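A quick write-up on the structure given underneath.
The values are calculated or read from the model by the stated rules, or taken from the named source; none is laboratory data. Just so you know, these numbers come straight off a predicted model, no measurement behind them. Here the Cβ is made from the backbone with ideal geometry for all residues, glycine too, and neighbour counts use every protein chain on show.
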Amino acid sequence: MIPRLVLMVAALVAPLCADSEQVVTNVVSTLATALSANNPQLFFQAIDRKIPEYAKFEQAVEALLAQNIVACTVEVISTGGTDAAPTAELDWYMVLKSQEDYNIIERRRTKVTIVLEKQGKKWVVTSFSPLSVFAPMQVKP
């Protein structure tokens with residue numbers, strides 16, 4: 001009787017457990033959408049404030065969005081980690097168009113690694129590397 005009860009409970013609870021790949025996809029989608037919509041507030045809702053160099057990270061993203069029109073797409077290359085702390089390698093692609101001179105365009109493609117953690121009811125990024133993907137645009141004379 002007990003083994004049957006355990007199986008029934010497991011069958012009921014399994015769909016409630018978050019699939020780590022779907023969790024990663026949802027968070028990454030939020031990040032890319034926020035950047036493309038020039039919405040740093042939405043972007044940082046998905047980032048843990050305890051992330052190393054958070055203030056520098058926040059300043060870089062806000063400056064990038066203030067100076068450029070950003071089109072961002074992100075593809076999940078691989079996922080790993082645990083259900084409690086999923087990790088992902090991402091193909092992070094951005095097209096930056098200067099708001100001062102629409103002829104100045106920069107394309108960036110970077111392999112990014114993130115770690116997620118559930119805090120309360122939502123998943124947040126607790127590690128993001130490299131942060132240099134958000135460096136200021138380099139205007140060449």
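Table for the structure above
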{"read-out": "Matching residues, the range 102-121, being of a type in the set (K, R) and either more than 25 Å from I77 (Cβ to Cβ) or assigned to a loop (DSSP other than H, G, I, E, B) (or both)", "value": "K121"}
{"read-out": "For S20: the one exception among (1) within 15 Å of the chain's Cα centre (by Cα); (2) at pLDDT 95 or above; (3) more than 19 Å from S132 (Cβ to Cβ)", "value": "(2)"}
{"read-out": "Of all residues in the range 99-132 being of a type in the set (F, W, Y) and under 19 Å from Y54 (Cβ atoms), the one that is surrounded by the fewest Cβ atoms within 10 Å (Cβ to Cβ)", "value": "W123"}
{"read-out": "Close pairs from the range 98-120: first closer than 23 Å to V23 by Cα, partner exposed (fewer than 11 other Cβ atoms within 10 Å of the Cβ), Cβ under 9 Å, at least 6 apart", "value": "T110/S132; E117/A84; K118/A84"}
{"read-out": "Scope the range 54-84; condition in contact (Cβ under 8 Å) with a residue 60 or more places away in the chain, outside any helix (DSSP H, G or I) and within 16 Å of the chain's Cα centre (by Cα); matching residues", "value": "G81"}
{"read-out": "Answer from Q45, Q99, Q41 - the residue that is modelled with pLDDT under 95 and of a type in the set (S, T, N, Q)", "value": "Q99"}
